[in-house]
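The block underneath contains the structure these notes are about, expressed in structure tokens.
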Amino acid sequence: MRTHATGSGLVSVVTLTHNKLEHTRRCLPSLLGTAAEPWELVVVDNGSTDGTPAWLAGFKRTAEGAGVAVKLIRNDRNAGCSTARNRGAAAGAGARLVFLDNDVALRSRRWLAALGATLAADRAVAAVGPKLVYPLAPHAIQCAGVGISRSGRVLFRGRGEPRDTPAFNVKRDVQCLISACVMVRRDAFEEAGGFDEAFNPVEYEDFDLCYRIRSRGHRIVYDPSVEMYHFESVTTAGTPALPNTGLIIRHGLLFKQRWRHMFANEDGPADEETRWRRRRTGELAEVTELPVIDTARHVGVPAGE
Amino acid sequence: MAEERIEDRLKRLIVRRLFLKIAPEAIGEHVSLIDGYGVDSVSLLELVVGLEEEFGMSIPDEEFSLKHFETVSALAAFVRVRLAAG
């Protein structure tokens, strides 16, 4: 990957779009409510055909009027999440990168400052992710970091639990984070080789990246002091009944094969805990407001500390 | 002793892999695994892993189709074809 000089305080927020304009225009403008922090937005459009490019051009003018630089990159076709995110990261100038899906909206106004502070507090921490909550009130937890069982099954920690469940109000190391919203130190991201294009177009590329980062001795942390809204599973298209099934199987098998030597020896969740439960997550039209919070959420500490 | 039917082995595999709270024999062979037993994309991955372990078979990308996983009956037919193909 290309390594380049970067602004020390600048954060590059890299977002992908591939159609789903109704979510993009609900979520991206919310980011303009971010509390003062030097940041830029890099949007990579993966061949959208629903008017997204034209909307992004208009949003760029709005954002830049609000003091946020926007870089737009257009791929003629869907280049895949890994390729597009790597391209967006290379186009950004920040020493810190945030990968943010177009179905994530602002909840904690100080999100960039708080996630950045967690990275700055310990050089061993290479990536940090917030508490993701459902947009539909009462905003239950969508993902509080990811656990991987000893057989390679995936657990979205806290999924469906009340937002203030004490167990998920603790800042702690996690095995993985989802790429819906994650801040990564650029040097660690580049050292790991970025997202692996073997996982294009999508599925498991984020877990693979987390393992490559951790396999180099870095830590990955879940920080519940920051909350962001996440509309679940709208970033990528799939069949209505079983979205992305073929990709989940192919990439899931690759992930298990590649990282078994690590997760088989970690204290991940039990297999039975990982059972995916169907949830009614709320349609976009049902979400009438997305309240923003200004103060940092209370964060507990792990027992024994 | 008669060899266990593939359908019965599949039922046990499904209950075990998906942590279903039912007896294997309660699974209907012609009932939709998606609608009847909550099979989703992630649990299909675990079924594929289970097929590899239980039957020593692998499924090439070009052979994968959701239609093979619609019911126990369909899956059993698929397993027989794959086993015969070696």
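The values are calculated or read from the model by the stated rules, or taken from the named source; none is laboratory data. Quick caveat, the model's predicted, so the values are computed rather than measured. Cβ atoms come from the backbone with ideal geometry, glycine included; neighbour counts cover every protein chain shown. Surface accessibility is based on the protein's heavy atoms, side chains included, excluding ligands, DNA and RNA. Shrake-Rupley method; radii C 1.70, N 1.55, O 1.52, S 1.80 Å.
Report the calculated FRET efficiency for A:ARG275 and A:ALA117 (r = Cβ-Cβ distance, R0 = 51 Å), to the nearest 0.05.
My answer for the efficiency is 0.90.
Distance between the 7 Å Cα→Cβ label points at A:GLN257 and A:ALA35: 4.7 nm.
Heavy atoms of the protein chains alone define the surface here; on that basis segment B:6-85 has 45 Å² accessible area per residue at 1.4 Å probe size. Taking a straight Cα-Cα cut-off under 27 Å and skipping sequence neighbours fewer than 8 places away in the same chain, the lysines within cross-link reach of A:LYS20 are A:LYS60, A:LYS71, A:LYS131.
Between A:ALA93 and A:ASP187, the distance separating the two model label sites (each 7 Å from Cα on the Cα→Cβ line) works out to 2.1 nm.
B:ASP8 to B:LYS21: extension gain in nm, 0.36 nm per residue of separation minus the Cα-Cα distance?
Gain on extension, B:ASP8 to B:LYS21, equals 3.0 nm.
Over the residues of chain A, the helix contribution to mean residue ellipticity at 222 nm works out to -8000 deg cm²/dmol, using -39500 (n - 2.57) for each DSSP H run of at least 4. A straight chain from A:LYS71 to A:THR165 at 0.36 nm per residue would run longer than the Cα-Cα distance by 30.0 nm.
Shielding value for B:34-41 is 4, the average number of Cβ atoms from other chains within 10 Å of each residue's Cβ.
Bridging of B:LYS21 to aspartates and glutamates at a Cα separation below 12 Å is possible for A:GLU272, once same-chain residues fewer than 8 apart are set aside. The residue list A:ALA127, A:HIS23, A:TYR211 was ranked by how far each Cα lies along the charge dipole of chain A toward its positive end, using unit charges on Cβ atoms, and A:TYR211 comes out on top.
Counting only other chain Cβ atoms within 10 Å of each residue's Cβ, the peptide A:246-256 averages 4.
Taking amide hydrogens as placed 1.01 Å from N in the peptide plane, the amide H of B:PHE19 sits under 5 Å from that of no residue at least 5 positions away in sequence or on another chain.
The distance separating the Cα centre of segment A:134-178 from that of segment B:19-86 comes to 29 Å.
At a 1.4 Å probe radius, carbon and sulfur cover how many percent of the accessible area of segment B:36-86? Taking all protein chains in place, segment B:36-86 shows 49 percent carbon and sulfur surface. According to the square roots a ≥ b ≥ c of the eigenvalues of the Cα gyration tensor, what is the shape class of chain B, taking rounded for a/c under 1.5, prolate for a/b larger than b/c otherwise, and oblate for the remainder? Oblate, since a/c reaches 1.5 and b/c is not below a/b.
Here segment B:45-70 is scanned for amide nitrogen atoms under 20 Å from the site 7 Å beyond the Cα of B:SER32 along Cα-to-Cβ, giving B:45, B:47, B:65-70. Per residue of B:45-53, other chain Cβ atoms within 10 Å of the residue Cβ number 4 on average.
Below 9 angstrom from the Cβ of A:LEU72, what's the summed charge of the other residues (Lys, Arg +1; Asp, Glu -1)?
So the environment of A:LEU72 carries a net charge of +2.
Please report the buried accessible area for the interface of B with A, total over both chains, probe 1.4 Å, in Å² to the nearest 100.
Details: alone 5260 and 13080 Å², together 16570 Å².
In total, this chain pair buries about 1800 Å².
The overall shape of the protein assembly as shown, judged from the alpha-carbon gyration tensor, is prolate: a/c is not under 1.5, and a/b is greater than b/c. For A:VAL70, the amide hydrogen comes within under 5 Å of the amide hydrogens of A:LEU41, counting only partners 5 or more places away or on other chains and with H modelled in the peptide plane.
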